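K.L.:
My questions will all concern the structure given below.
Every number in this text was worked out from the coordinates using simple rules, so none of it is lab data. Note that this is a predicted model, so its numbers are computed, not measured. All Cβ positions, glycine included, derive from the backbone under ideal geometry; neighbour counts span all protein chains shown.
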Amino acid sequence: MDLRKQERAEIVRIIEEGIYTSVHFEKHTDKRLLYLEENVLPTLVPALEELLTEVAERQSSKKSHLNPIDWLAQFLMRNNPRYNDNYTKHPFAIIASNHVKQMKAQTCE
């Protein structure tokens, strides 16, 4: 395994340890928070993960400077969940989806 792959694997491990194993959504019935948890976070969190990986790769390979805002905007446009369901299988998206289902079920009861 070359150095980049090791670094990428380490970044993924750190992110997953820090985010996915410690995700504890609070129980609530706030429709605004449910909207964010259902529609924004499952797309944004994987995008930020990819951004961190890209930054690390560029730093290690001495590639040109990265504008994170432009990169993130392009990534989000290219991976719009309306047209691309790759990130619906992401661990964070699954956790958020399960939480939203539970909260919606509780509000219907």
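K.L.:
Tell me the net charge near Pro68. Cut-off is 12 Å between Cβ atoms, Pro68 excluded, with +1 for each Lys or Arg and -1 for each Asp or Glu.
P.N.:
So the environment of Pro68 carries a net charge of -2.
K.L.:
For a quick protection proxy, order the peptides 45-51, 77-83 by their average other-Cβ count within 10 Å, most packed first.
P.N.:
Going from most to least packed, we get 45-51, 77-83.
K.L.:
Find out how many positive minus negative residues lie around Leu34, taking Lys and Arg as positive, Asp and Glu as negative, among other residues whose Cβ is under 13 Å from that of Leu34.
P.N.:
Charge balance in the 13 Å sphere: +1.
K.L.:
Next question. Would any residue of segment 24-51 have its amide N under 13 Å from a label point 7 Å out along Cα→Cβ of Asn98? List them or say none.
P.N.:
Hits in segment 24-51 for Asn98 at 13 Å: 24-25.
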